[in-house]
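What follows is calculated from the coordinates using simple rules that are stated; it is not laboratory data. This is a predicted model, so every value here is computed, not measured. No Cβ is skipped: glycine too gets one built from the backbone with ideal geometry, and neighbour counts run over all protein chains shown.
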Amino acid sequence: MAHGDDSPAGIARRAVDQAETRTAQRSWWDRNALDYQAAHATDLGAATFLWCPEGVLEADARLLGEVMGRRVLEVGCGAAQCARWLLGRGARVVGIDLSERQLAQSARYDAETGAVVPVAQADALALPFADAVFDVVFSAYGALPFVVDGGALMSEVARVLRSGGRWVFSVGHPVRWCFPDDPGQRGLTVVASYFDRRPYVETDGTGRATYVEHHATLGDRVSQVVGAGLRVIDLIEPEWPAGHESSYPQWSATRGQLIPGTTIWVTEKD
């Protein structure tokens, strides 16, 4: 799990419905978009396709396959750095995000680079596209941990994918939910059950959720993928590279050399 730059009044593990989750996510990202982009400018730039804090780049991994001329959708695109990178490789790419301020950052990068990514403010559970229109859909740490029903998101992605299309997504490794978000030795001590699926919730002084992140085990994710009519063709757990530095505070060599921090799922629609 991860939390934001705000200082929450409280932290809890409790049930949160989709309406409360959506409101919290949209308001958090709108408040923190500028700070987030500034903090991770070195890693993300304006047109870098980074899969995870461990430094896996699509330029090296090529998990999406050939993208030249393909119709591609980025779900939870943020400032659309990944999508902008794909534009430079000939993809016909669009992005969606829940946060207006994140999309405003995307427009700023459009102006700076001249590489304009078409984007829409939309909910990942209700993609504003017709059935079977995309060859590839992907998400790099976007959207999936921020919805109550991951299976519903998978089904919505499958709906807009063409037969044989690829859905690739990266998320925090679920084993991390057993450990505190600490880059040092404290972050290697188990403090919670892997099987506790209650979401992580930050709250304000009134108890209102201001940030929510949902947990699913590896088995849960497999069930979600299969239930959506997709099949897993690869599951990557990146190792921490020697000498690697990351601007993401919960990731470090201390932790990354012993426990995985990310899963990257490569799936296809039958």
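Values computed for the structure shown
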{"read-out": "Principal-axis tilt of helix 100-113 within the chain, Cα atoms, nearest 10 degrees", "value": "50"}
{"read-out": "Net dipole in debye of region 171-260 [+1 Lys, Arg Cβ; -1 Asp, Glu Cβ; about Cα centre; nearest 20]", "value": "240"}
{"read-out": "Cα shape, region 198-258, gyration tensor, a/c 1.5 rule", "value": "oblate"}
{"read-out": "Whole-number Å³ per residue for the convex hull built on Cα positions in the chain", "value": "117"}
{"read-out": "Viscosity 0.692 mPa s, temperature 37 °C, Stokes-Einstein D of region 70-196 from Kirkwood C-alpha radius, µm²/s", "value": "207"}
{"read-out": "Acute angle (nearest 10 degrees) that the helix 18-39 long axis makes with the longest principal axis of the chain, alpha-carbon atoms", "value": "80"}
{"read-out": "Hydrodynamic radius of region 1-109 per Kirkwood, over alpha carbon pairs, in Å", "value": "15.3"}
{"read-out": "Degrees, to the nearest 10: 218-227 long Cα axis against longest axis of the chain", "value": "30"}
{"read-out": "Whole-Å distance, taken between Cα centres, linking region 173-238 and region 248-270", "value": "12"}
{"read-out": "Calculated [θ] (222 nm, deg cm²/dmol) that DSSP helices of n ≥ 4 give over the chain, each run adding -39,500 (n - 2.57)", "value": "-8000 deg cm²/dmol"}
